[in-house]
Amino acid sequence: MISRWDEFRQGVRDGLPLQLGILPFGAVFGVLGVESGLTPAQTFFMSSLLFAGTSQIIFAQLVAIATPIAILLGSVAALNARHLLYSASISEYIRDKPLKWRILLAYLLTDEAYAVSILRYQKRPHNPMMHYHLLGSGLLLWSVWQIATLVGVLAGNAIPEEMALGFVIPLIFMAITLPLIKSRVEVATIATSTACVFAFAHLPYNLWLLIAAIAGIAAGTITAVYFKQTGDA
Amino acid sequence: MIWALIIISGLITFAMRFVFLTPVMPAKLSPAATTAMRLVPIAVLWTIVVAEIFLSNGAVADITSNTRILAAIGAAFIVWRTKSVILTIGLGLPLLWAANYLLA
């Protein structure tokens, strides 16, 4: 019988290596948030109110170029729609827990926490204390994210523009997306998205962002259906 | 205004994290919908990568003077060899500095 604290500690341990990526990512967001015209308080509290790194950076960038509200909210929603998949995936394991647990774990359900805890759940599907694992991995990430954001907000003005820190974002996203490309489904997705960025770059309001993302998802899904590769792959 | 947008964005995001943890939604998506969901981060993040490298002020930047392309090619190689976010940042950023310094 595994105790709840064993399970919590296991979640923290499993999440630890990922924090190497979270720290600089959070600090970059803190820097970019203030640079893009958000106040230090808005930048810092976005990390707990929104708590979804990539969409926080997009939020800041879209605010900086005065994007209309609908496009901004649409971009955040499109970017975070992947959480629907995480939610659907872990519901099998925690949908019977009390409501307060489901609310708390939903709030903590980030890419990284999901990634480590779903592995644990698949290995031990009948562990009654399993919700403490996601609590551990989620709270660790939450804490590191708040600290990293604060560091970025405080250090922001000390970093010269020649450092080109904004380039860290495409670097991080390349490191995340490139290893996910495993078949013609993903190739169809990124090829279509790439073409759409060039084709629609001139459109106002950063419309290319949503068009390229949706077209890429559609192309990949159609490819998967056509070649019968649908599902989790 | 910004505060309201942050809070609404937070509520939207929380709703998407929570919706399948309620009994009112089906626990399973169709296979095609599952595939589409799986492709969301790839499509969105890759779109941002392409835009960050090739676009400048709402237009495709002059390719002949765009040092970000060289740095991105180097970074893609680092990702391929190491799959490490830290190394990609740690080596990719200096690549851009070097390209900017040498080609300025």
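The values are calculated or read from the model by the stated rules, or taken from the named source; none is laboratory data. Predicted, not measured: the structure shown is a model, and the values here were computed from it. Positions of Cβ are backbone-derived with ideal geometry, glycine not excepted, and every protein chain shown enters the neighbour counts. Side chains are part of the model used for accessible areas, which takes the heavy atoms of the whole protein and leaves out ligands, DNA and RNA. Shrake-Rupley method; radii C 1.70, N 1.55, O 1.52, S 1.80 Å.
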- Taking the stretch B:40-92 and keeping only residues that are polar (S, T, N, Q), part of a helix (DSSP H, G or I) and either out of contact with any Cys (no Cβ under 8 Å at 6 or more places or on another chain) or touching a residue at least 12 places away in the same chain (Cβ under 8 Å) (or both), one is left with B:T64, B:S65, B:T67, B:T82, B:T88
- Per the filter on the stretch A:206-226, residues in contact (Cβ under 8 Å) with a residue 40 or more places away in the chain and touching a Phe, Trp or Tyr at 6+ places or on another chain (Cβ under 8 Å) are A:L207
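Residue by residue, here is whether (1) over 30 Å from A:I103 (Cβ atoms); (2) at the interface with chain B (Cβ under 10 Å from one of its Cβ atoms); (3) in contact with a Ser or Thr (Cβ under 9 Å, 6 or more places away or on another chain); (4) among the aromatic types (F, W, Y) holds:
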position	(1), (2), (3), (4)
A:T149	no, no, yes, no
A:L165	yes, yes, no, no
A:P170	yes, yes, no, no
A:I181	yes, yes, yes, no
A:I190	yes, yes, yes, no
A:S193	yes, yes, yes, no
A:F198	yes, yes, no, yes
- Message: outside the structural domain of A:L79 (by TED's automatic domain parsing) and open to solvent by 60 Å² or more (accessible area, probe 1.4 Å): is that true of A:I103 in this structure?
- Response: no
- Note on the structure: Residues in the stretch A:21-45 that are free of Cβ contacts under 8 Å to residues at least 60 places away in the same chain and not in a loop (DSSP other than H, G, I, E, B) total 3
- Task: Please go through the stretch A:162-186 and pick out each residue that is in contact (Cβ under 8 Å) with a residue 24 or more places away in the chain, surrounded by fewer than 20 Cβ atoms within 10 Å (Cβ to Cβ) and out of contact with any Leu (no Cβ under 7 Å at 6 or more places or on another chain).
- Result: A:K182, A:S183, A:R184
- Screening A:S137, A:S143, A:S87, A:S117 for residues that are of a type in the set (G, A, S), open to solvent by 30 Å² or more (accessible area, probe 1.4 Å) and either touching a helix residue (DSSP H, G or I) at 6+ places or on another chain (Cβ under 9 Å) or in a helix (DSSP H, G or I) (or both) leaves only A:S143
- Among residues belonging to the stretch B:1-24 that are open to solvent by 30 Å² or more (accessible area, probe 1.4 Å) and in a loop (DSSP other than H, G, I, E, B), point out the one that is farthest from the other protein chains (Cβ to nearest Cβ). B:V24
- Tally the residues that are farther than 25 Å from B:A75 by Cα and either open to solvent by less than 30 Å² (accessible area, probe 1.4 Å) or modelled with pLDDT of 90 or more (or both), restricting the search to the stretch A:150-161. 4
